[in-house]
Amino acid sequence: MRPAEFDLTRHTVWLESQTDFAGWRDAARRLALNEVRPEDVSWRVVAGLDRPPSDLPDVPQGAELIVPRDFIGHAETAFCHSDPGRFAFLYRLLWRLRIEPKLLAIASDPDTKRLETMEKAVRRDSHKMHAFVRFRKIGVGEDERYVAWFEPDHFIVERNADFFVRRFTGMRWTILTPYASADWDGERLAIGPGAAKGDAPDKDDTETLWRTYFENIFNPARLKVKAMQKEMPKKYWRNLPEASLIPDLIAGADKAARDMIAKIPTTPAPHHAKVQARHWPKHQPAETPDDGDAHTVSELREAAKGCRRCPLWRDATQTVFGEGPDNAKVIFVGEQPGDQEDLAGQPFVGPAGKVFDAILDDAGVDRLKVYVTNAVKHFKFEPRGKRRIHSKPNVGEVQACRWWLDHEFELIKPNLAVALGATAALSLLGKAIPVTKMRGQVIEREDGLRVFLTIHPSFILRIRDHADKEAERERFLQDMKQVKKLMAA
Ligand code: URA
């Protein structure tokens, strides 16, 4: 009931900024508890001293607003959307939720749909920011700092600043965008006003580094122009040092890629029993990703981009999903992406990947015909200065990510899995396996899948002594030759 003494006229709420969620939340609570209908509220943003006070009613004594617990999380994300009608929309949603508490579970409701679309857009934009912000170095010695220019579609700087703090803790950096800037001085994060592109430097030493890196990780067969443009819309190209290489790389890739694609078999692999984990119970994460009903590996890969099944997504640049033909006969499973895989968004493209590729080649296994993935799909690391040091995923993280691995197996239906190292063996078999002792053995799972055990290729990289390294390389080569035979069996 509306309190009798409260005069119901139009209310104007003045928010401090486009991202003043706390201000919106407080106003929405007061208005809803005073039964102010959505159509009687105007929402405005005015920064600084010019902002008039909002005419907000007090919370009636003892009144409590009850809305589903997850609404605030959803609203906070959608609030970052650039739609100017979002303040009113979210208030209308809150208004409805008071009497329709299950509203967010009704996927066909237009408001629920709109909320979901807005959230997706914000998450996608955040993902782009993680992947495409490029710092340029200015100053030297004490004055050295890194500045980046980025143009997000939504109001996502505040939301993502912590990510860059965790990622680049040891650097002093500033990210400039048209509507806000984030500045980290090594100890303190400050959010400031927007800037112009001209305020950011556009050349530095790291530019060459990015370009070299990009040229090196580039593999013509993996280049899908449409997917690449979708992933890296042209608007971001302007700010990427490596972007000037893209037209040449695409042009050169075309023929090479066609030649390689021609070699990939198109006949489907024989159907095998559903590869479904029975070893571990299904893990139900706090926040389930929008996995929908993925019918293809690319749909599954798309769904995995928003994975929140464990906390590792927060510090990683992106989900690194498996790669390879949908009908591969074998799936190689590594541990987790490393630093370079995290940046590139592809498995096994860094140093361990190079060793792996070379030995596969020597064994006569075509990497383009096999599917390569990881037990854990986000890079776990400890920041050490400017470097990110690999940190082993724990059992909970492996278990949480097992959900994706199971689905990769379900869709691809290989006749063989290769566990590269202990983490992969744990994920595939649901228990700790001494892989160095049991390497070369095949374990058949309850569902019929054969799992070949071997070491992780990074093990070879870590051996210092030349003779020992060569001996280990040879053993791994023999393992891969055995894999080739098993693939055909
Ligand atoms: N190590 C892995 O286990 N996976 C990768 O993708 C890279 C390194």
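Against the list (1) in contact (Cβ under 8 Å) with a residue 40 or more places away in the chain; (2) touching a Phe, Trp or Tyr at 6+ places or on another chain (Cβ under 9 Å); (3) not assigned by TED's automatic domain parsing to the domain that holds I191, the condition D111 fails is (1). Checked against (1) within 11 Å of the ligand (Cβ to nearest atom); (2) surrounded by 22 or more Cβ atoms within 10 Å (Cβ to Cβ), F459 meets all criteria but (2).
Looking at segment 108-149, which of the residues that are in a loop (DSSP other than H, G, I, E, B) and either among the polar types (S, T, N, Q) or within 24 Å of the chain's Cα centre (by Cα) (or both) is nearest to V67 (Cα to Cα)?
If we filter segment 108-149 for residues that are in a loop (DSSP other than H, G, I, E, B), which is where we start, we get 108-109, 133-135, 139-140, 144.
Cutting the leftovers down to either among the polar types (S, T, N, Q) or within 24 Å of the chain's Cα centre (by Cα) (or both) gives us 108, 133-135.
On the way: S108: 20, V133: 37, R134: 40, F135: 42 Å.
So, considering only residues that are in a loop (DSSP other than H, G, I, E, B) and either among the polar types (S, T, N, Q) or within 24 Å of the chain's Cα centre (by Cα) (or both), the one nearest to V67 (Cα to Cα) is S108.
Quick grid of which residues meet (1) in the same structural domain as P152 (by TED's automatic domain parsing); (2) in contact with a Cys (Cβ under 7 Å, 6 or more places away or on another chain); (3) touching a residue at least 40 places away in the same chain (Cβ under 8 Å):
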residue: A75; (1), (2), (3): no, no, yes
residue: A78; (1), (2), (3): no, no, yes
residue: I106; (1), (2), (3): no, no, no
residue: V122; (1), (2), (3): no, yes, yes
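Rundown of residues vs (1) within 17 Å of L420 (Cβ to Cβ); (2) more than 17 Å from the chain's Cα centre (by Cα), yes/no style:
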| position | (1), (2) |
| --- | --- |
| P351 | yes, yes |
| K354 | yes, yes |
| V370 | yes, yes |
| A375 | yes, no |
| K380 | yes, no |
| R387 | no, yes |
| L405 | yes, no |
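Filter segment 186-205 down to the residues that are assigned to a loop (DSSP other than H, G, I, E, B) and surrounded by 12 or more Cβ atoms within 10 Å (Cβ to Cβ) and list them by number. I'd like the intermediate steps shown before the answer.
Residues of segment 186-205 that are assigned to a loop (DSSP other than H, G, I, E, B), as a first pass: 186-188, 194-196, 200-204.
Listed by number, the residues that qualify are G186, G194, A195, A200, P201, D202, D204.
Looking only at residues of segment 336-386 that are over 29 Å from L240 (Cβ atoms) and assigned to a loop (DSSP other than H, G, I, E, B), we find that the one that is nearest to the ligand (Cβ to nearest atom) is A375.
Filter segment 361-392 for residues that are of a type outside the set (G, A, S) and either buried (at least 24 other Cβ atoms within 10 Å of the Cβ) or under 21 Å from W403 (Cα atoms) (or both) and give the result. Across segment 361-392, the qualifying residues are V370, Y371, V372, T373, N374, V376, K377, H378, F379, K380, K392. Give N394, N415 a once-over and let me know the one that is farther than 27 Å from L486 by Cα and of a type in the set (S, T, N, Q). That would be N394, the only listed residue that is farther than 27 Å from L486 by Cα and of a type in the set (S, T, N, Q). All of R473, R462, R450 fail the test of being touching a residue at least 24 places away in the same chain (Cβ under 8 Å) and more than 30 Å from H295 (Cβ to Cβ), apart from R473.
List the number of the failed condition for C401; all other conditions in (1) within 16 Å of the ligand (Cβ to nearest atom); (2) farther than 21 Å from A344 by Cα hold. Going through (1) within 16 Å of the ligand (Cβ to nearest atom); (2) farther than 21 Å from A344 by Cα one by one, C401 breaks only (2). Take the conditions (1) assigned to a helix (DSSP H, G or I); (2) surrounded by 16 or more Cβ atoms within 10 Å (Cβ to Cβ); (3) not aromatic (F, W, Y); R166 misses just one of them, which is (2).
Beta carbons closer than 6 Å, at least 6 apart along the sequence or on distinct chains, pair a first residue in segment 37-56 that is over 10 Å from L15 (Cα atoms) with a second that is modelled with pLDDT of 85 or more and of a type in the set (S, T, Y) for P38/Y91; S42/T12. Which ones in segment 163-179 are within 16 Å of V122 (Cα to Cα) and in contact (Cβ under 8 Å) with a residue 40 or more places away in the chain? Answer for segment 163-179, where residues must be within 16 Å of V122 (Cα to Cα) and in contact (Cβ under 8 Å) with a residue 40 or more places away in the chain: F163, Y179.
Condition (residue is hydroxyl-bearing (S, T, Y) and not in a loop (DSSP other than H, G, I, E, B)) applied to segment 430-450: is it met by at least one residue?
To start, the set of residues in segment 430-450 that are hydroxyl-bearing (S, T, Y) comprises 436.
Going one step further and asking which of them are not in a loop (DSSP other than H, G, I, E, B), we end up with 436.
The answer is yes; a qualifying residue exists.
Here are some conditions: (1) in contact with a strand residue (DSSP E or B) (Cβ under 8 Å, 6 or more places away or on another chain); (2) outside any loop (DSSP other than H, G, I, E, B). P53 meets all but one. Which one does it not meet? Condition not satisfied by P53: (2).
Which residue, of G440, G430, is more than 16 Å from the ligand (Cβ to nearest atom), more than 22 Å from the chain's Cα centre (by Cα) and closer than 24 Å to K485 by Cα? Step through it out loud before you land on a result.
On the way: G430 fails: closer than 24 Å to K485 by Cα.
Sole residue among the options that is more than 16 Å from the ligand (Cβ to nearest atom), more than 22 Å from the chain's Cα centre (by Cα) and closer than 24 Å to K485 by Cα: G440.
The values are calculated or read from the model by the stated rules, or taken from the named source; none is laboratory data. Given the structure is predicted, the values throughout are model-derived calculations rather than measurements. Every residue, glycine as well, gets a Cβ built from its backbone with ideal geometry; the counts of neighbours run over all protein chains shown.
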